[in-house]
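None of the figures in this text is laboratory data; all of them are computed from the coordinates on show. What you see is a predicted model, and the numbers here were worked out from it, not measured in a lab. All Cβ positions, glycine included, derive from the backbone under ideal geometry; neighbour counts span all protein chains shown.
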Amino acid sequence: FFYFNSSKEEFNKDERPIIPGQKEKNKDDNELNRLLKEDKKSRDDEYLKKLTANAKKTFLNSIGMSFAYVKGGYFNAGSYKGDIDESPVHKVDIDPSFLISKFEVTQEQYKDIIGINPSKDLGENYPVENVNFYDAVEFCKKLTEREHKNSRISEEYCYRLPTEYEWEYAAAGGEKTKLYIYSGSN
């Protein structure tokens, strides 16, 4: 699970199709929009760095989850050596930066937020199991609500599941990726 900007601000109004008879936006509007996007991205990055003490430490949330800073960037996703559905290798832009949980959600953390422990192999510090996609999304939603209510994170941010590319990028070491086969090293 991880924590990520999900701002409700809308900066892409200039990318909408022009309605016949509607005047096209001028270049100044497009340039202002681009600058607003860059400023928002910069503010997001500064906020995440602040939470993790300038990307040198981790952010610890109210239930003890530890998050690492991952600076946005580019990486080559896919493989020519793996399964057929992993090719071709292609460049992926990870933007903006984000925080990702360093460890799996424990049964104790899950129970603290959801109120039940669905796991079969019991242990407070064991990873929670028997959780489907919808259960995980509900966990993220309720954790976000708690963190907002207690002013632990800005209202602009929320917890959510990483995309496949975000997970692969973080597991490979982010912008300093060494193209590891396994998470962290070979």
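The chymotrypsin sites (Phe, Trp or Tyr not before Pro) of the stretch 59-140 that meet both conditions, a loop assignment by DSSP and at most 10 other Cβ atoms within 10 Å of the site Cβ, are Tyr80.
My understanding is that a pair violates if its Cα-Cα distance is over 24 Å; which of Lys49/Lys102; Lys49/Lys81; Lys41/Lys142 do that in this structure?
As for pairs spanning more than 24 Å Cα to Cα, those are Lys49/Lys81; Lys41/Lys142.
The smallest convex shape that holds all Cα atoms of the stretch 70-186, its convex hull, gives 137 Å³ per residue. Count Lys and Arg as plus one, Asp and Glu as minus one, and take only other residues whose Cβ is under 12 Å from that of Cys140; the net charge is then 0. Each residue, Ala53 and Lys102, gets one label point 7 Å from its Cα in the Cβ direction; the gap between the two is 1.0 nm. Within the stretch 117-147, the trypsin sites (Lys or Arg not before Pro) that combine a DSSP coil assignment with at most 15 other C-beta atoms in a 10 angstrom radius are Lys120.
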